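Undergrad: Questions regarding the structure given below will be posed in turn.
The values are calculated or read from the model by the stated rules, or taken from the named source; none is laboratory data. Nothing here was measured: the structure is a model prediction, and the numbers come from that model. Ideal geometry is used to build each Cβ from the backbone, glycine not excepted, and the neighbour counts take in all protein chains shown. Heavy atoms of the whole protein, side chains included, go into the accessibility calculation; ligands, DNA and RNA do not. Shrake-Rupley method; radii C 1.70, N 1.55, O 1.52, S 1.80 Å.
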Amino acid sequence: MSQINRDPGRGRLLAFSPALAAAVIFFGLLWLLDFPQPMCDDLFYSGAGLNLAQGGDLANPLLVRQGFPGHFFYIYPPIHSYALAGWLDIFGISAGAMTAFQIFLYLVLSVSMVGCLRLSGAPKWLEWKAPLVVTAGFLPFGLRPESLAAALIIAGYLIAELAESGGVALLAGFFLLALGAGTAPRTTLFGIALMAVTLYPRLRRNRVRGGIPRMLLACVGGGLAACLVFCAMVHFQIGEFWKSFHHYSQLVAGSKLMLLKLLFIRYAGITLWPIFPVFLGLLVVAWKEPWTQLKRAGFAIALALPLIGLIGGLGNGTMFFILLGVLFLTASVPRSGKLGLVVSAVVVASLLVANVKFLINLAGIASGGIESRHDYGKTEAAAIVSTPGHPALLDEATARYVFDYRIPKGFIYWPFSAPFLGELPMDTPLRPGDVYILGPNSAEQLHSRQLTDVEPPKWGLKTRRWAFYRHPREAYVFRVDDILKTRGAPSGPAAGSDSPPK
């Protein structure tokens with residue numbers, strides 16, 4: 001039988017790539033500069049993995065005040081928690097290991113994207129843009145699981161595309177595709193879309209050695225293997241998992257219009273707005289061009305978007321796949337003439353604009369305006385012990401810079417220390433006895449609500465979107481009793497009380 005496709009890039013797939021070598025250096029430097037930086041969701045999604053790595057079970061004790069149903073962290077698929085725990089078992093629990101896990105996923109994504117581009121014979125200059133797609137899509141969102149989901153999906157898609165028969169390679173590709181689709185709900189339909197892209201030419205051409213039955217057996221086998229792994233991770237308690245997951249997803253989803261608004265404001269913002277017209281323009285330009293696998297993948301992503309919007313799945317990870325669609329569709333448009341030059345210039349410009357905030361951040365670090373090595377308050381913060389009478393609450397910054405992610409027992413995650421759906425403790429009255437160990441961002445939130453006089457110094461432009469903290473590793477200690485005395489703020493029930501604040 002002949003191969004599934006004869007893309008001109010198959011022969012150069014394993015050739016040396018300067019772009020990949022540059023990507024390794026680029027992401028290595030990002031890791032040394034402490035990227036990705038702390039983000040308010042970090043310990044919400046990583047707490048269960050940390051607990052597993054410390055010898056515990058699939059629970060997140062840092063979220064004790066959220067009041068989730070059940071003991072286990074079943075409000076989100078467990079694949080990220082187990083993957084992170086396995087990584088930490090190998091490299092140890094530390095800030096360096098936690099950020100290295102994300103950086104490794106970014107590198108896997110870049111390598112997989114470059115592999116897809118080469119397999120379809122895309123122009124070499126696009127290979128250099130893969131890291132920019134990753135940084136724009138994932139770097140602002142810290143340690144969330146969507147980057148793992150995307151890495152599994154794109155790596156699985158590449159392996160499946162490389163498979164020339166319905167054998168082990170195709171099974172492995174669909175196993176990773178299915179596992180990635182089950183890692184983060186907001187990326188599930190993108191994974192399914194790429195599965196369809198892989199299956200379509202195989203079914204149409206019927207050129208797989210062993211025929212269609214063998215091919216389908218490999219695809220179904222990979223999907224079933226992923227389902228079996230998932231079930232084992234939740235100890236085959238499917239009903240209990242679904243109860244917790246459904247409870248969480250129904251409450252957090254919100255209206256479809258609100259999610260669309262959040263996509264443009266929270267997940268994209270003005271720097272990513274140009275990507276939307278660029279994506280639409282590429283769909284129009286590429287429509288009359290020959291149908292390659294990259295073109296099919298780009299259109300499949302576009303078709304998945306409205307479906308994701310209808311079921312309320314827009315959010316973290318969405319922008320990465322839109323950026324991926326831009327990269328894939330750019331490879332499908334004419335490469336010469338005025339149109340090719342215009343498309344190339346617009347795509348490069350839009351990717352640079354999408355990374356403006358990150359580039360400004362790098363400039364601040366390089367210039368010394370952001371003094372990343374300062375550790376003010378760390379000694380005092382590290383000496384605090386959490387007790388039932390005086391529970392200690394930390395945030396994502398102090399978990400990294402004060403405790404190196406070796407978080408003592410009894411600590412609570414400050415951003416999610418109000419009953420679900422509450423994110424911040426200011427959603428409910430402050431609790432007497434609480435002790436806050438916070439980084440600059442959380443300290444500023446207290447200041448913005450006029451609960452403290454502390455305002456961490458910033459560097460950069462005056463607007464919040466373009467400003468960065470001069471001393472991101474600084475630790476602040478606040479005792480709620482002192483805040484209540486000086487500010488007359490309303491109090492909630494005493495620490496240790498089982499009743500939620502009114």
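Undergrad: Within region 118-138, identify whether any single residue is buried (at least 24 other Cβ atoms within 10 Å of the Cβ), closer than 28 Å to Ala399 by Cα and aromatic (Phe, Trp, Tyr), and answer yes or no.
TA: Yes, region 118-138 has at least one match.
Undergrad: Those residues that are touching a helix residue (DSSP H, G or I) at 6+ places or on another chain (Cβ under 8 Å) and assigned to a strand (DSSP E or B), I need them from region 351-405; list them, please.
TA: Listed by number, the residues that qualify are Leu393, Leu394.
A quick yes/no check of all residues on (1) at pLDDT 85 or above; (2) outside any helix (DSSP H, G or I):
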site	(1), (2)
Ala232	yes, no
Phe241	yes, no
His247	no, no
Phe264	no, no
Ile270	yes, no
Glu289	yes, yes
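Undergrad: Only residues in region 20-38 that are open to solvent by less than 60 Å² (accessible area, probe 1.4 Å) count as the first member; pair them with residues that are among the small types (Gly, Ala, Ser) and part of a helix (DSSP H, G or I), Cβ under 6 angstrom, at least 6 apart or cross-chain, and list the lot.
TA: What qualifies is Ala23/Ser110; Pro38/Ala397.
Undergrad: Just checking, how many residues over region 211-229 are at pLDDT 95 or above and open to solvent by 40 Å² or more (accessible area, probe 1.4 Å)?
TA: Counting residues in region 211-229 that are at pLDDT 95 or above and open to solvent by 40 Å² or more (accessible area, probe 1.4 Å) gives 4.
Undergrad: May I pose another question? When you scan region 51-58, do you find a residue that is in contact (Cβ under 8 Å) with a residue 40 or more places away in the chain, open to solvent by 10 Å² or more (accessible area, probe 1.4 Å) and among the charged types (D, E, K, R), even just one?
TA: No, because not a single residue in region 51-58 is in contact (Cβ under 8 Å) with a residue 40 or more places away in the chain, open to solvent by 10 Å² or more (accessible area, probe 1.4 Å) and among the charged types (D, E, K, R).
Undergrad: Pairs under 6 Å by beta carbon, first residue closer than 15 Å to Ala331 by Cβ and in contact (Cβ under 8 Å) with a residue 24 or more places away in the chain in region 285-307, partner of a type in the set (Phe, Trp, Tyr) and open to solvent by less than 20 Å² (accessible area, probe 1.4 Å), six or more apart or different chains?
TA: Once the first residue is closer than 15 Å to Ala331 by Cβ and in contact (Cβ under 8 Å) with a residue 24 or more places away in the chain and sits in region 285-307, its partners that are of a type in the set (Phe, Trp, Tyr) and open to solvent by less than 20 Å² (accessible area, probe 1.4 Å) give Leu294/Phe328; Ala297/Phe328; Gly298/Phe328; Ile301/Phe321.
Undergrad: Now a separate question. Going through Arg487, Arg449, Arg464 one at a time, which residue ends up being open to solvent by 40 Å² or more (accessible area, probe 1.4 Å), over 24 Å from Asp375 (Cα atoms), free of Cβ contacts under 8 Å to residues at least 24 places away in the same chain and not hydroxyl-bearing (Ser, Thr, Tyr)?
TA: Matching residue, one of Arg487, Arg449, Arg464: Arg449.
Undergrad: So Gly377 clears everything in (1) within 27 Å of the chain's Cα centre (by Cα); (2) buried (at least 20 other Cβ atoms within 10 Å of the Cβ); (3) farther than 28 Å from Thr187 by Cα; (4) not acidic (Asp, Glu) except one condition, right? Which one?
TA: Condition (1) is where Gly377 drops out.
Undergrad: Return the only residue of Leu359, Leu351 being closer than 30 Å to Leu294 by Cβ and free of Cβ contacts under 8 Å to residues at least 40 places away in the same chain.
TA: Testing whether each residue is closer than 30 Å to Leu294 by Cβ and free of Cβ contacts under 8 Å to residues at least 40 places away in the same chain leaves just Leu359.
Undergrad: To continue, here is another question. Pull up region 382-418, narrow it to residues that are crowded, with 24+ Cβ neighbours inside 10 Å and of a type in the set (D, E, K, R), then point me to the one that is farthest from Glu444 (Cα to Cα).
TA: Within region 382-418, the match that is farthest from Glu444 (Cα to Cα) is Arg400.
Undergrad: Which numbered condition in (1) open to solvent by 10 Å² or more (accessible area, probe 1.4 Å); (2) at pLDDT 95 or above; (3) under 23 Å from Val234 (Cα atoms) is the only one that Ala100 fails?
TA: Among (1) open to solvent by 10 Å² or more (accessible area, probe 1.4 Å); (2) at pLDDT 95 or above; (3) under 23 Å from Val234 (Cα atoms), Ala100 violates only (3).
Undergrad: Quick one: Leu327 ticks every box in (1) open to solvent by 10 Å² or more (accessible area, probe 1.4 Å); (2) over 18 Å from the mean Cα position of the chain (by Cα) bar one, so which box is it?
TA: For Leu327, the exception is condition (1).
Undergrad: With the structure loaded, tell me whether Val278 is modelled with pLDDT of 95 or more, open to solvent by less than 80 Å² (accessible area, probe 1.4 Å) and more than 27 Å from Leu162 (Cα to Cα) or whether it fails that test.
TA: Yes, satisfied.
Undergrad: Residues in region 197-210: is at least one on the phi > 0 side of the Ramachandran plot, open to solvent by 10 Å² or more (accessible area, probe 1.4 Å) and touching a residue at least 40 places away in the same chain (Cβ under 8 Å)?
TA: Looking for residues that are on the phi > 0 side of the Ramachandran plot, open to solvent by 10 Å² or more (accessible area, probe 1.4 Å) and touching a residue at least 40 places away in the same chain (Cβ under 8 Å), one finds at least one in region 197-210, hence yes.
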